[in-house]
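Novice: Quick one: the structure is below, and I'll ask about it shortly.
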Amino acid sequence: MKKHVLLFLFAVLSFSSLLAHNSLSALYYLELKDNLGILSISVSQDGLNEALKKQYLAENFTAITTEKYKELAVRYIKDHFDLMLNNEVFLLNDGGIKLGSHQTDFKFLTDNLPRDIRTITISIDAFRENKEHQTIFSVALGTLKDKVILNVDNDYKATLHVENNILVQETHNGTKHLGLLLAILVLLSVAYFYWSKKKKI
């Protein structure tokens, strides 16, 4: 029994890491609280490299400096992120980036948000250059939370409304395969766990 519990915990803890390392997916988490928005992003380094090379064709990425690379990456993320609250556009402020060998993380702030947010409209077309890419976007508005998969099916856009103290998605096109995706990733985690364990024997 103890083995099964540990295995389940391993699968759950591996979920976010697997998504972030998958070059075809990105994780966006937006927390809206006290007139301030904090956007945290995790993407695979390979996926980011491919998108930047396709976006900035004039750049020589074999000779680019780390600082220049970070500048282009931050610009790319900001240029491909649109947020509307109550039908009003809110821009991202200057952000930070932490490069990694497999995963890269970003963090941005946006401020002067409305006191009473009723509608959240999001458009994230970053990485759509990478074929079959999808973004898992999660949002926390105070104690309310929801997530949606943004992909080519919904043109990388979604709208959420606050109704009866819950977040309700206006479009569900991008979420219809979420359950299947979660199940596949958990199964892959379990398979990898058994494979690595067997390899050590």
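Novice: Of 54/157; 107/145; 68/131; 33/107; 53/78; 68/147, which pairs sit farther than 27 Å apart, going by alpha carbon to alpha carbon?
Specialist: Pairs exceeding the cut-off: 68/147.
Novice: For region 23-173, which whole percent of the accessible surface, found with a 1.4 angstrom probe, sits on carbon and sulfur atoms?
Specialist: So the carbon and sulfur contribution to the accessible surface is 46 percent.
Novice: Which log10 I(q)/I(0) values does region 23-173 give at q = 0.11, 0.14, 0.18 Å⁻¹ under the Debye formula, counting every alpha carbon as one identical point scatterer?
Specialist: -0.42, -0.67, -1.06
The values are calculated or read from the model by the stated rules, or taken from the named source; none is laboratory data. Since we're looking at a predicted model, the values are computed, not measured. Please note that ligands, DNA and RNA were not included when accessible areas were found on the heavy atoms of the full protein model with its side chains. Shrake-Rupley method; radii C 1.70, N 1.55, O 1.52, S 1.80 Å.
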